[in-house]
Amino acid sequence: MNEQEGVDFLLVEHAKTLDLIQHYDNIRVSHMRFAASYHSVIGTLVFAIYRYLYFNDQQSNAVTLEVPIFLGSFLIISFLVGIASVAMLAQNRSYFVIAARQANTIRGALFKRGSLASSIQSVFPTNPDEPKMFNPKSTHLVTLFLLGVVNSISFAFGILFFVMAANFSLWLYFFLPITCGLIVLIGQFLLVKFVFLKEKSS
């Protein structure tokens, strides 16, 4: 392969890499649409079942334990699906970063060539170490954080229904679900940062 063929190859590779970046960004948007629809449906179902079964039972003094246990289990299962969504989004971020770094590497190599280096300066990144896997300012990480919050709320309400079924003291109605929700939120954050988006050592 001569020099011109090498340049032509890099130009084609760069164009394909940009297509990949766009593809992974579109996947992120699709994941968020799915997550928003999924959690909306779950929330609506739980509210409807609670309102028309458990709440009516309370009003008639015929409270049963099956409904809160079912709702708690339902929300915990929906939380597990949410965790899978976080894992998929984080993996998508990883692929996005690899493609973006490849584009930066190619761009950097091309803009270091002879006359280009003195006549044109790239306004796009040329650093092969950018972007970082874990960048809190990126839309991927904002998306992951929002999904993590929704997952934590789902888990907290699942615990709340179990607390209602167990008929614990009133202070546990607030303390236990909020504590569990915060622990799960922090756990998701750590999982994303140190497992899914951990920088690979070269």
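The values are calculated or read from the model by the stated rules, or taken from the named source; none is laboratory data. This one's a predicted model, so the numbers in the text were calculated from it and none came from an experiment. Methodologically, a virtual Cβ is constructed for each residue, glycine included, from the backbone with ideal geometry; neighbour enumeration extends over all protein chains shown.
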Next on the checklist: Any residue that is outside any helix (DSSP H, G or I) and more than 23 Å from Gly43 (Cα to Cα) - is there at least one of those in region 88-100?
Outcome noted: no
Checklist entry - Does region 147-158 contain at least one residue that is in contact (Cβ under 8 Å) with a residue 40 or more places away in the chain, within 19 Å of Met88 (Cα to Cα) and not in a helix (DSSP H, G or I)? => result no
Checklist entry - Does Leu176 fit the bill of being among the hydrophobic types (A, V, I, L, M, F, W, C) and at pLDDT 95 or above? => result no
Item to check | Selected residue (only one of Lys193, Lys137 is outside any loop (DSSP other than H, G, I, E, B), out of contact with any His (no Cβ under 8 Å at 6 or more places or on another chain), charged (D, E, K, R) and closer than 19 Å to Arg28 by Cβ) | outcome: Lys193
Item to check | Leading residue by the ranking (surrounded by the most Cβ atoms within 10 Å (Cβ to Cβ)) among those in region 122-150 that are under 26 Å from Ser78 (Cβ atoms) and touching a Leu at 6+ places or on another chain (Cβ under 8 Å) | outcome: Leu144
Checklist entry - Is it true that Phe161 is part of a helix (DSSP H, G or I), more than 17 Å from Ile27 (Cα to Cα), more than 22 Å from the chain's Cα centre (by Cα) and at pLDDT 85 or above? => result yes
Checklist entry - Which residue pairs have Cβ atoms closer than 6 Å, lie 6 or more positions apart in sequence or on different chains, and pair a first residue in region 160-178 that is touching a residue at least 12 places away in the same chain (Cβ under 8 Å) with a second residue that is surrounded by fewer than 20 Cβ atoms within 10 Å (Cβ to Cβ) and outside any helix (DSSP H, G or I)? => result Ala165/Leu65
Next on the checklist: Please go through region 179-202 and give me each residue that is more than 20 Å from Leu80 (Cβ to Cβ) and modelled with pLDDT of 90 or more, ordered by number.
Outcome noted: Lys193, Phe194, Leu197, Lys198
Next on the checklist: Given the condition closer than 30 Å to Ile183 by Cβ and either assigned to a loop (DSSP other than H, G, I, E, B) or among the small types (Gly, Ala, Ser) (or both), answer yes or no: does some residue in region 110-118 qualify?
Outcome noted: no
Item to check | Count of residues meeting criterion [of a type in the set (Phe, Trp, Tyr) and at pLDDT 90 or above] in region 102-140 | outcome: 1
Checklist entry - Looking only at residues in region 71-112 that are basic (Lys, Arg) and out of contact with any helix residue (DSSP H, G or I) (no Cβ under 8 Å at 6 or more places or on another chain), which one is nearest to Thr126 (Cα to Cα)? => result Arg101
Checklist outcome for this item: When every residue in region 23-33 that is surrounded by 12 or more Cβ atoms within 10 Å (Cβ to Cβ) and not acidic (Asp, Glu) is compared, the one farthest from Phe96 (Cα to Cα) is Met32
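Checking the conditions here, which among Val123, Val163 is in contact with a Gly (Cβ under 9 Å, 6 or more places away or on another chain) and of a type in the set (Val, Ile, Thr)?
Checking each option against the conditions leaves just Val163.
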